[in-house]
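Q: Sending over a structure as structure tokens; questions will come in a sec.
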Amino acid sequence: RRVASLSKRGIPVKLQVHHGYDFDWINENGSFGLYDELDCFAHALIQKKRIYNDDDWYYIWEKFQDASLYPYPIPTCSNRLYYTSYSDGKGRGNFASRNIKEGEMIYNGYKNAAFFQEGESFKRFLSLLSKEAACDVLEWSFMQDLTNDGNAVLALDLDGGALFNDGSPHQNMQYKDKWSLNKYASRDIRKGEEITEIYDEFSKTEIDL
């Protein structure tokens with residue numbers, strides 16, 4: 001079988017090859033213009049896309065640091081209640097690594113999320129990525145009102161938390177509060193069962209993307 005070319009840090013070279021569009025182009029044409037230009041819709045339909053490892057996530061975090069011009073601490077890996085694999089008809093997904101009781105916290109989003117309060121910083125972030133990473137980021141980003149006052153920010157889970165699929169109306173994980181990023185089991189979940197949430201709880205955006 002073919003083996004992906006790797007850098008010294010173990011990151012696939014393909015993940016590091018820039019997509020060719022700079023900040024000025026993205027700022028003029030918008031994030032959705034980049035989505036169309038990179039044919040991210042076709043990328044979204046691929047069922048077996050890359051499953052990011054810890055080195056891959058670290059690399060993406062470094063790009064976020066570069067874009068934000070602030071040394072945000074990069075989260076360290078901790079014990080997770082899930083693992084990432086492939087879900088039939090949904091591409092990548094997360095599955096319970098052990099039995100999980102109703103009410104248990106499955107995902108702490110605060111320490112693993114990048115936030116963008118305006119569109120310019122998000123576009124700057126996109127301008128630093130490869131085609132594959134940019135398409136993934138555009139697919140994973142969501143709006144969240146973190147203060148319950150109507151002022152939503154653009155958020156992005158920069159770890160496996162980005163890969164929880166929509167399972168409505170039979171999702172088994174949910175926020176306790178819509179303005180929180182922490183997610184809990186809404187019922188008992190068996191080991192090996194896919195963990196899913198509901199996507200329509202996300203806030204609407206007023207940010208110029």
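Q: Where does the charge balance sit around E28 when Lys and Arg score +1, Asp and Glu -1, over other residues with C-beta under 15 Å from its C-beta?
A: Taking every Cβ under 15 Å from that of E28, the sum is -4.
Q: Something else now. Please label the shape of region 26-85 as rounded, prolate or oblate, based on the square roots a ≥ b ≥ c of the eigenvalues of the alpha-carbon gyration tensor (a/c under 1.5 means rounded; beyond that, a/b larger than b/c means prolate, else oblate).
A: oblate
Q: Moving to a separate point now. Say each of D36 and Q117 gets a label point 7 Å from the Cα, pointing the same way as Cα to Cβ; how far apart are those two points in nm?
A: 3.2
Q: Once label points are set 7 Å from the Cα along Cα→Cβ at both V17 and M143, what is their separation, rounded to one decimal in nm?
A: 3.5
Q: Karplus couplings for region 107-124 from phi (6.51 cos²θ - 1.76 cosθ + 1.60, θ = phi - 60°), rounded to Hz, Gly and Pro as x?
A: For region 107-124, the Karplus-derived couplings read 9, 9, x, 5, 7, 10, 10, 9, 10, 10, 8, 8, x, 4, 5, 5, 5, 5 Hz, x marking Gly and Pro.
Q: Still on this structure, please answer the following. Mind putting a number on the dipole of the chain about its Cα centre? Charges go on the C-beta only, +1 for Lys and Arg and -1 for Asp and Glu, and I need it in Debye to the nearest 20.
A: 1180
Q: At what distance in nm do the modelled label points of S168 and N29 sit from each other, each positioned 7 Å from its Cα along Cα→Cβ?
A: 3.2
Q: If you don't mind, another one. How big, in percent, is the set of alpha carbon pairs in the chain lying more than 27 Å apart?
A: For the chain, the share of Cα pairs beyond 27 Å comes to 31 percent.
Q: Taking K191 as the anchor, which aspartates and glutamates have their alpha carbon closer than 15 Å to its alpha carbon, excluding any fewer than eight residues away along the same chain?
A: E102, E104
Q: Here is a follow-up. Among K123/K183; K101/K183; K63/K90; K48/K178, which pairs are too far apart, with a Cα-Cα distance over 23 Å?
A: Over 23 Å apart, Cα to Cα: K123/K183; K63/K90; K48/K178.
Q: Now for a separate question. Name the residues whose placed amide hydrogens come within less than 5 Å of the amide hydrogen of I195, ignoring near sequence neighbours (fewer than 5 apart) on the same chain.
A: When sequence neighbours closer than 5 places are left aside, the close amide H contacts are N94, F95, A96.
Q: How much length would be gained if the chain were fully extended between I51 and K101, taking 0.36 nm per residue of separation minus their Cα-Cα distance, in nm to one decimal?
A: This chain segment gains 15.4 nm when fully extended.
Q: If you don't mind, there's one more thing I want to ask. Determine how large the accessible area of H170 is when every protein chain is in place; take a 1.4 Å probe and give Å² rounded to the nearest 10.
A: Result for H170: roughly 140 Å² accessible.
The values are calculated or read from the model by the stated rules, or taken from the named source; none is laboratory data. Keep in mind it's a predicted model, so treat the numbers as computed, not measured. A quick note on method: Cβ atoms are made from the backbone with ideal geometry, for glycine too, and the neighbour counts reach across all protein chains shown. Note: accessible area is taken over every heavy atom of the protein model, side chains too, but ligands, DNA and RNA are not part of it. Shrake-Rupley method; radii C 1.70, N 1.55, O 1.52, S 1.80 Å.
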